[in-house]
1. Would you confirm, using the coordinates I've provided, whether Ile64 is within 16 Å of Leu21 (Cα to Cα), touching a Gly at 6+ places or on another chain (Cβ under 8 Å) and among the β-branched types (Val, Ile, Thr)?
2. Within the set of pairs 6 or more residues apart or between chains, which connect a residue that is among the charged types (D, E, K, R) inside the range 96-116 to a residue that is at pLDDT 95 or above and in a helix (DSSP H, G or I) with Cβ atoms less than 6 Å apart?
3. Looking only at residues in the range 135-169 that are touching a strand residue (DSSP E or B) at 6+ places or on another chain (Cβ under 8 Å) and charged (D, E, K, R), which one is nearest to Met188 (Cα to Cα)?
4. Based on this model, can you work out whether Lys120 counts as touching a residue at least 12 places away in the same chain (Cβ under 8 Å), touching a Pro at 6+ places or on another chain (Cβ under 9 Å) and not aromatic (Phe, Trp, Tyr)?
5. Hey, does the range 72-85 have a residue that's free of Cβ contacts under 8 Å to residues at least 24 places away in the same chain and outside the structural domain of Lys140 (by TED's automatic domain parsing)?
6. Pick from the range 42-78 the residues that are in contact with a helix residue (DSSP H, G or I) (Cβ under 7 Å, 6 or more places away or on another chain) and among the charged types (D, E, K, R): which of them is farthest from Ser107 (Cα to Cα)?
7. Looking only at the range 42-62, which residues are in a strand (DSSP E or B) and surrounded by 23 or more Cβ atoms within 10 Å (Cβ to Cβ)?
8. Among the residues of the range 16-31, write down those that are free of Cβ contacts under 8 Å to residues at least 40 places away in the same chain and in a helix (DSSP H, G or I).
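The values are calculated or read from the model by the stated rules, or taken from the named source; none is laboratory data. Keep in mind that this is a model prediction, so the values were computed, not measured. Because the Cβ atoms are built from the backbone with ideal geometry, glycine has one as well, and the counts that use them run over all protein chains shown.
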Amino acid sequence: MRMRKKPNLIPRLAAVEGLILKQDKVRDFIKSECQKYEYVELELGCGKGAFTMELAKLKPNSLILALEKVPEAAVVAMERINAEGLENVRFLLGDAAELCEFLDPSSVDRIYINFPDPWKKKKQWKRRLTHPDFLRLYKKILKPGAEIHFKTDNEPLFDWSCELIPTEGFEIKNVNRDLHADGVCGIMSDYESKFHMQGLPIYRLEAYIK
């Protein structure tokens, strides 16, 4: 997500700093909250936080970790969460490639990948969040039997992902190539709402560790 730099970004981040987890504090925070929450769920690339907010409302028994590398987007998400008074969300400012640096093995119950950059050029494919390099990272931090929920509006990315995900020890289930054909289905991100209004098909799958 490309956004203009906000001149007031620093004071806005300071106002919601209680929602930000520094990478060296993530493990200890999860351990300290394990009695309060039944599940740990991770959203990769939360953007402006529409999905994050609704997920947190729907799942008060889950600790939601929202990862975003663009501070200008993350601050909007944090302000949304703060305005709603939701206590079960924390934000990580960083890159998905760093997941194993701040999350313990077998510590996450579910990963959400919603409308990631499709990185259309072949030389960029290693950056795709469903590339085998990332899938191997996810396997390390996911608990046995845990799952990945993936949504995109990009059919070539979806087909590519359907081919590669099983090669890394995941079983694909609940494949849907037009998620909203029968109406709105589930929580929508900001991007998904936009694409749904345009009448574009949404592609979705779930992947489980075998």
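1. Working: within 16 Å of Leu21 (Cα to Cα): yes; touching a Gly at 6+ places or on another chain (Cβ under 8 Å): no; among the β-branched types (Val, Ile, Thr): yes.
So Ile64 does not fit the description; no.
2. Asp104/Arg27
3. Filtering first and then ranking leaves Lys151.
4. Working: touching a residue at least 12 places away in the same chain (Cβ under 8 Å): yes; touching a Pro at 6+ places or on another chain (Cβ under 9 Å): yes; not aromatic (Phe, Trp, Tyr): yes.
Yes: the conditions hold for Lys120.
5. yes
6. The qualifying residue farthest from Ser107 (Cα to Cα) is Glu72.
7. Scanning the range 42-62 gives Leu42, Glu43, Leu44.
8. Taking the range 16-31 and keeping what is free of Cβ contacts under 8 Å to residues at least 40 places away in the same chain, we get 17-18, 22, 25, 28, 31.
Selection gives Glu17, Gly18, Lys25, Asp28, Lys31.
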